[in-house]
Structures are given as structure tokens and as C-alpha cells.
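The block underneath contains the structure these notes are about, expressed in C-alpha cells.
Computed from the coordinates by the stated procedures, all read-outs in this text should not be read as laboratory data. Owing to the predicted nature of the structure, the values given are computational and were not obtained by experimental measurement. Don't worry about glycine lacking a Cβ; one is built from the backbone with ideal geometry, like all the others, and counts go over all protein chains shown.
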Amino acid sequence: MPLYGKVDDSPKLMLPGEHKARCISVVDLGTHKMKKYGIWLHKMMLELEMPEVKKPDGECCTIEIVCTLSMHPKSRLRRHIELWRSKVFTDQEAEEFDIFELLGVTAIINVINNNGYAEISSLMLLKSSECPERINDLIAFSLPGLNEFNEFDEKVFESLPKSLQNKIKESREYKNMIADADDEYTL
């Protein structure tokens, strides 16, 4: 008689199926070394709230997309945005697309269970009027150095969950910013 062990006993929130959602956060996580491949990649996170899906405590559920900040034709970010807007980018449109424009944009998302974790498998455009009112504040955060417009916003940074702050602190941009700030005060 066989005896099989469980792969994972930890409880996780499952949200499989179609949900109305709205992008509430676009966060630049900075450049991190991918140890497995030995390369540096600029990462970012999109967070979407699902106003009709509640946690046991009554709070609105959210789901995140963490991906490389790349609009290459085969990138995950570009594919998600193209599905979301129901239109393929030209390379010039992709290069000029401001990702912060996603803040507040509504979507129908399809959530699947991927090895015990909720993951967005697809997005489709949804009229704003068809999505319930936004519950959470909109958050836009970027690190300095990405372009000439980006400045570090300490107030926004402090409003992020500690886990995101710690991830950002590990980035090359954050470490360079801190090193530059230390240099300014060195006599």
C-alpha cells in the first residue's frame, strides 16, 4: 500500500476564475542580480485590486504581477499590456508607453492556481463604469536613475509594505542613491 507525502501544507489564498480588477500600484523594484542566470534585470510590480473579492477579514483582495521592466516583443510585461488594451504595440509605441498610465485602469483578469499560488493568466479591457469603485489609494513609485524625471519619493517609499521596501533596498539603484547621499556629506 503506497504512502504519499504532501508537496506543500501551507494554506494560501486561492482566487481562481474571472474577476473585475483595477491597477492600484506601479512600483519600480530596481535592478537585481538573478543568481540563477548571473545577469542583472530591472524588475517592477503591478498590483491590482479586486473590489468584489474579500479576504476573511473583509479587506479587498489584491494580486501582483512582478516582471522585468522590459517592453521587448516577447516580454511578459508587454504581452500583459497588449492583452489588457486589446491592441498590439508597434515597437515605437512600446518604447514610448508610460507604464504609470496603467494606474486606475480596469480589467477583467483570469486568475489561475499555479503550484499553490494565485497568478494572473490573462487580462482584458473593462470599461471603468463596469468595475466597482476603487478601494485603495493609487501608488506610483520609481527609483532615481531610470530616466531624467525620476526622483526618490521618501513618503511613497515609506507607505510601501516592508517586504517591498526591503526588496527595493537590495537594488543597485537604491544602493547607488545611498552611496551618493553619503558622498555629499563627506568632507
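For the range 42-109, a Kirkwood hydrodynamic radius built from all Cα pairs, placed in the Stokes-Einstein relation at 37 °C and 0.692 mPa s, yields a translational diffusion coefficient of 248 µm²/s.
The relative contact order of the range 17-184, computed from alpha carbon pairs under 8 Å that lie at least 6 residues apart in sequence, is 27 percent.
So if R0 is 41 Å, what FRET efficiency would Asn115 and Gln165 give, r being the distance between their Cβ atoms, rounded to the nearest 0.05? Plugging the Cβ-Cβ distance into 1/(1 + (r/R0)^6) gives 0.95.
Summing charges over all other residues whose Cβ lies under 13 Å from the Cβ of Cys131, with Lys and Arg as +1 and Asp and Glu as -1, gives -1.
Placing a pseudo-label 7 Å from each Cα along the Cα-to-Cβ vector at Thr90 and Lys54 gives an inter-label distance of 4.8 nm.
Evaluated over the Cα positions of the chain, the convex hull gives a direction-averaged projected area, one quarter of its surface, of 15.5 nm². When the pairs Lys43/Lys162; Lys35/Lys169; Lys36/Lys167; Lys55/Lys155; Lys43/Lys175; Lys20/Lys127 are compared against a 21 Å limit on Cα-Cα distance, Lys55/Lys155 fall above it. Packing order of peptides 91-101, 67-77, highest average first: 67-77, 91-101 (average count of other Cβ atoms within 10 Å over each peptide's residues). Each Lys or Arg adds one and each Asp or Glu takes one away; over the other residues whose Cβ falls under 11 Å from the Cβ of Cys67, this sums to +3. Between Glu154 and Ser128, the contour length at 0.36 nm per residue exceeds the Cα-Cα span by 6.3 nm.
Computed from backbone phi, the HN-Hα couplings of the range 21-37 come to 8, 9, 6, 10, 9, 10, 10, 7, 8, x, 8, 10, 7, 8, 4, 4, 10 Hz, rounded to whole numbers (Karplus: 6.51 cos²θ - 1.76 cosθ + 1.60, θ = phi - 60°; Gly and Pro given as x). Since only Gly30, Pro161, Ser75 are under comparison, the one whose Cα sits farthest along the positive direction of the charge dipole of the chain, derived from C-beta charges on Lys, Arg, Asp and Glu, is Ser75. Dipole check for the chain: with +1 at the C-beta of Lys and Arg, -1 at the C-beta of Asp and Glu, and the Cα centre as origin, the magnitude is about 1000 Debye.
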